[in-house]
Amino acid sequence: MALTKNPKLALIPSGYKASKVYSVLPSDGVGDFDFSRSGQATRVNKDGLIETVDSNVPRLNYPMIDGVVSGCPSLLLEPQRTNIVEYSEDVTQWNDLSCTVSLTTDSTSPSGQSSVYKVNDNANDAQHRVDVRPSVTSGTEYTFSVFVKKPSDSDIDFAYLLFASKFSTTRFYFNIAEGTSLDTGGTIIDYGNGWYRLSASATANSSGNGTFGVNLTDAYGNNTYSGTGNGSMYFWGGQVEPNSSYPTSYIPTNGGTVTRSAETCNGAGDAITFNDSEGVLYAEISALADDGTSRRISLSHANADTDNRVTIEVDETARRIKAFMSSGGTTVGSLTAIVDSQTHNNKVALIYKENTFNIYVNGFLLDTNPSIASLPIGLSRLQFEGANGSNPFYGKAKQIQYFDSALNDSDLETLTSWTSFNEMATSQLYTIE
């Protein structure tokens, strides 16, 4: 069903150049966003391959469902992160235990390279692993991730991520043949062509050189086994991120640590674009993780303060999306919506006008405030952060729209509803069989 009104501003990530993300509306460029990131970063392109983009180039990241690109890209915005694995792809630079490491052209990498490293067990009854041992700091949380693929001739199906040395020894098991995580806290993502990204997080309990290992094994729960020489896995893209509870996009290294800078995307619109007395702010978004932080998208006054604003917030509390409206320095409206997951794609719309402040999510009206005493003034910019620059939005945005007049209930339900079963399934990360 078509809406009865068209948006005044619409970002559907498709057009971009260095330092700029283009909005579809308005056509004169007023609705374009200013983008910034110092240094390179990676994304998943339309072919499902990991590719590197240059400094200040926005990342239009394509979603992967069951290893296949599914749907349109999202604008990916991430915080600063560092990969302290100094050789992320050259596994011969890692430590090895009861195994051999060799370069092979039997498989292409997740980035499309024609060769990868293969790790084979030997005949010892032992741990069979490769590991990295960077310096860690007591009390700091680290996220370890690596891409793994089972060769067709391998006689083992399992691998586990190991945290040891400066950690309480912890193992996270995975069935690589079936693409499943077998322990709480371990995550596995299908990158296609048999490749899976494994990840887990742990906190160091002392300082020094920690051990981050990827172990081959013949069964769940076995940390040692008798090798045959035919147990093998391909490895690529090792990453250890300090001060992290979840993995971010791949950060390539080759002889030293590499830091990917935080990204900003702000400054769309002007005072003519936005209407102080009524309007609708719509965002189709997903968070990177339920990580206990608050992330905001704000329509605000040009003075970069919170006195006059309309804000969508992915809340610090898991499964909660909130909304705020301020006028003259006073919060005049606050709304709360509960969703299945902040990391799923959620369609969120806020409507504001006299005596109305409502939030719709995924086709449903979830909270209302009919007692709005006053409305914001001087609304003139839209940004992926709080009104005063705090709480930057880190996540994925498939759409941002702004309507300069209020929509009716039917329009708001249509705007936030799924257009098909397939869209709902892929947005909520369901497996379709």
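The values are calculated or read from the model by the stated rules, or taken from the named source; none is laboratory data. Just so you know, these numbers come straight off a predicted model, no measurement behind them. Methodologically, a virtual Cβ is constructed for each residue, glycine included, from the backbone with ideal geometry; neighbour enumeration extends over all protein chains shown. Quick note on the areas: whole protein, heavy atoms, side chains included, nothing else; ligands and nucleic acids left out. Shrake-Rupley method; radii C 1.70, N 1.55, O 1.52, S 1.80 Å.
Is the shape of the range 353-399 best called rounded, prolate or oblate, per the rule: a/c under 1.5 gives rounded, else a/b larger than b/c gives prolate, else oblate, with a ≥ b ≥ c the square roots of the Cα gyration tensor eigenvalues? Cα axes put the range 353-399 in the oblate bin. When +1 charges are put on Lys and Arg Cβ atoms and -1 charges on Asp and Glu Cβ atoms, the dipole computed for the range 42-191 relative to its Cα centre reaches about 420 debye. How many angstrom lie between the Cα centre of the range 322-344 and the Cα centre of the range 190-262? Between the Cα centre of the range 322-344 and that of the range 190-262, the gap is 37 Å.
Sort 294, 207 from largest to smallest accessible area, using a 1.4 Å probe on the heavy atoms of the protein chains. Intermediate values should be presented prior to the final figure.
Numbers: 294 15, 207 70 Å².
Descending accessible area places them as 207, 294.
For the range 67-225, just say rounded, prolate or oblate: build the C-alpha gyration tensor, square-root its eigenvalues into a ≥ b ≥ c, call rounded for a/c under 1.5, and beyond that prolate if a/b exceeds b/c, oblate if not. Cα axes put the range 67-225 in the rounded bin.
Label point of residue 80 set 7 angstrom out along Cα-Cβ; within the range 252-266, amide nitrogens under 15 Å from it belong to 258-264.
Would you mind getting the accessible area per residue of the range 81-152, heavy atoms of the protein chains only, 1.4 Å probe, in Å²? Write out the running numbers ahead of the final one.
Details: 2920 Å² over 72 residues.
I get 41 Å² per residue for the range 81-152.
Summarised as an ellipsoid, the range 241-324 has semi-axes of 32, 17, 11 Å, derived from the eigenvalues of the Cα gyration tensor scaled by 5 and square-rooted, with the largest first. Between 153, 307, 218, the Gaussian network model of the chain with springs among Cα atoms under 10 angstrom shows the greatest mean-square fluctuation at 153.
Rg and Dmax of the range 82-172, both derived from C-alpha coordinates alone, stand at 14.3, 42 Å.
What is the ratio of the Cα radius of gyration of the range 128-195 to 2.2 N^0.38 Å, where N is its residue count, to two decimals? Mind showing how you got there, number by number?
Details: Rg = 13.4 Å, N = 68, 2.2 N^0.38 = 10.9 Å.
Ratio of Cα Rg to 2.2 N^0.38 Å: 1.22.
The label-point distance for residue 101 and residue 356, in a model that sets each label 7 Å from Cα toward Cβ, rounds to 6.2 nm. Radius of gyration over Kirkwood radius for the chain, both on Cα atoms: the Rg/Rh ratio is 1.03. The 3J(HN,Hα) values that the Karplus relation (6.51, -1.76, 1.60; θ = phi - 60°) gives for the range 51-56 are, in residue order, 10, 9, 10, 7, 3, 6 Hz. Gly and Pro appear as x. Scattering from the range 69-123 was approximated by placing one identical point on each alpha carbon and applying the Debye formula without solvent; log10 I(q)/I(0) at 0.13 1/Å stands at -0.55. Extension gain for residue 245-residue 372 works out to 41.8 nm (0.36 nm per residue, less the C-alpha to C-alpha distance). Of 21, 240, 69, the residue with the greatest mean-square motion in the GNM of the chain, using alpha carbon springs below 10 Å, is 69.
Can you pull the percent of the chain's accessible area that's carbon plus sulfur, 1.4 Å probe, other chains left in place?
Working: 7510 of 16970 Å².
The value for the chain is 44 percent carbon and sulfur by accessible area.
In a reduced charge model with +1 at each Lys and Arg Cβ and -1 at each Asp and Glu Cβ, the range 313-390 shows a dipole moment near 120 debye about its Cα centre. Debye-formula intensities of the range 1-97, expressed as log10 I(q)/I(0) at q = 0.11, 0.13, 0.25 Å⁻¹, are -0.47, -0.62, -1.27 (one equal scatterer per alpha-carbon, no solvent). Only the Cβ atoms of Lys and Arg (+1) and of Asp and Glu (-1) were treated as charged; on that basis the dipole of the range 1-111 about its Cα centre amounts to roughly 740 debye. Grab the Cα-Cα distance for residue 338 and residue 180, subtract it from 0.36 nm times how many residues apart they are, and report the gain in nm with one decimal. Additional length available on full extension: 54.1 nm.
The C-alpha radius of gyration of the range 277-433, expressed as a fraction of 2.2 N^0.38 Å, stands at 0.99.
Think of the chain as a dipole: +1 on every Lys or Arg Cβ, -1 on every Asp or Glu Cβ, centred on the Cα centre; then among 213, 67, 402, 402 lies furthest on the positive end.
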